[in-house]
Each structure stands twice: as C-alpha cells, then as structure tokens.
Amino acid sequence: MEENMEEGQTQKGCSECCLKCLSGIPYASLIATILLYAGVALFCGCGHEALSGTVTILQTHFDVVRSPVDALDVFTMIDIFKYVIYGVAAAFFVYGILLMVEGFFTTGAIRDLYGDFKITTCGRCVSAWFIMLTYIFMLAWLGVTAFTSLPVFMYFNIWNTCQNTTLVEGSSLCFDLRQYGIVPIGEEKRLCIASENFLKMCESNELDLTFHLFVCALAGAGAAVIAMVVAVSVLIHNHVILTSKSTGRYCTRF
C-alpha cells in the first residue's frame, strides 16, 4: 500500500511539474518567433533563387551582359542584394532567439524563481529596448515588403502577357528594360512580343518559376511584418505588466 501511494504521489508530482512548465511557456512569443523564422526563411530562400533566375533571364533573353569594369550595373546590384539576404537571415536568426528568451524571462515561472523585484527591474529595461528595436524592424520589413512588390509587378506584366499571347498577337507591344531602371537610358534593351526571344522566354520554365519565387518572397516579407506586429504587441503587454505590477505575484504568459 505504501509503495502504491508513493508511486501515485510521484506520478502526481510529475504531472504538476509538467503543467507548471507548460503554464510558463510564452505562447504568443513562441508564435511570433515561429512566424518570424518562417517568413524570413521564405523571403531569403525564394528571394535568393528569384534573383538568380533574374540573372539568367536578363542574360539569355534580353542579351544584357555584365559590365567588364567595376561599374554599378544590374548584376552588381543583384550580388549586393544576395549578400544582404545572407545578413538578414543571420541577423534575424539571432534576433528570434533573443525574442524568445525575453519572452521566457517575463513569465511567472522565472519570476517565482528569482523574485519579483529583480525580474521587474530587468524586465523594464529589456522590454523597453526590445519594443524600440522590434518597432524599427517592423518598419524595415514594411519597406522590404513594398520593395519586393516591384519585381512582382514587373514579372506579373510579362507573365500575364505570355499567358495571353493570342490576344496581343500582331501588336507592337515591347518590354523596355529602361522603363524599370535596369539598364541605362542610352542602352536600348527591348523585347517585343513578335520576336523569337520573347516566345522562347514564354515557353521556358525560368519566367514562371522566377515570378512565383518573387511572389513567395513577398509572402515571406508579409509574414515577417505580421510577426513583428505580434512581437511588438507582446512586448508592450509585458512592459506594462512589469511596470504596473511591481509588487505581488502576477504571471504573464505572453
């Protein structure tokens, strides 16, 4: 009987421990972190491959060649964007970890271990700093989303024309890269719908794949914006709690 009672108490203790651990998880911060990682991964992965596909399309179908000198041409800009993507992936991987750690340190489980005063004092500074940083990142991702919509719009025009070639057959419609600022004004790089290069581009998988990769990159940037909005809301909530509830037990699960 005594052994059965000890086993029952052990199982009860394990269940209470698991429930306590689960109650201390900052679920909102966890959701924001997962959404941030998913959005950044989608933006960086699809954006990198879409830029590589753009290089192939420009060289193959528009006959754009890389400048032999160290000039700031479209290919150099694409290389710079790729390095920026590498930096964004690394930076937000670290930031997601810090965001999750901050969420854990503002839960009631940690405050029960270290006391209200220490966690409240630390939490005020950390929450205020993260609010400012996350708000700046949110504005940055809004700009990235707007910037990513430009190649989506450009590729949509070309892709939509390719899907309706029979409707525009016989017209003199041309796509001039100078309109998009891809090549200098003095360099004429046009592709008309009646040309053989345009038909080859429409039949190839490069255009369709690159267009949809840019769409996925745009969706990833939008997901990152939503993650930043959720993170800002969570951080403001925690900061208010840590500021207003400086005495007594108060558990935040955000």
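Between residue 187 and residue 38, what length in nm is gained on full extension when 0.36 nm per residue of separation is reduced by their alpha carbon distance?
49.6 nm
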| query | When you count, for each residue, the other Cβ atoms within 10 Å and take the mean per peptide, how do 86-93, 46-53, 219-226 rank with the highest first? | reply | 219-226, 46-53, 86-93
| note | Using alpha carbon centers only, region 187-214 is separated from region 48-64 by a whole-angstrom value of 10 Å
| task | Report the local net charge at residue 130: Lys and Arg +1, Asp and Glu -1, summed over other residues whose C-beta lies under 12 Å from its C-beta. | result | 0
| request: Would you please give the FRET efficiency between residue 132 and residue 72, computed as 1/(1 + (r/R0)^6) with r the Cβ-Cβ distance and R0 = 51 Å, to the nearest 0.05? | output: 0.95
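Could you compute the net charge surrounding residue 177? Neighbours are other residues with a C-beta less than 15 Å from the C-beta of residue 177; K and R count +1, D and E count -1.
Here the charged neighbours net out to -1.
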| request: Rank these by accessible area, largest first, 1.4 Å probe: 129, 159, 141. | output: 129, 159, 141
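The values are calculated or read from the model by the stated rules, or taken from the named source; none is laboratory data. Not measured: the values here are computed from a predicted model. Glycine also receives a Cβ, built like all others from the backbone with ideal geometry; neighbour counts cover every protein chain displayed. The accessibility values were calculated without ligands, DNA or RNA, using every heavy atom of the protein model including side chains. Shrake-Rupley method; radii C 1.70, N 1.55, O 1.52, S 1.80 Å.
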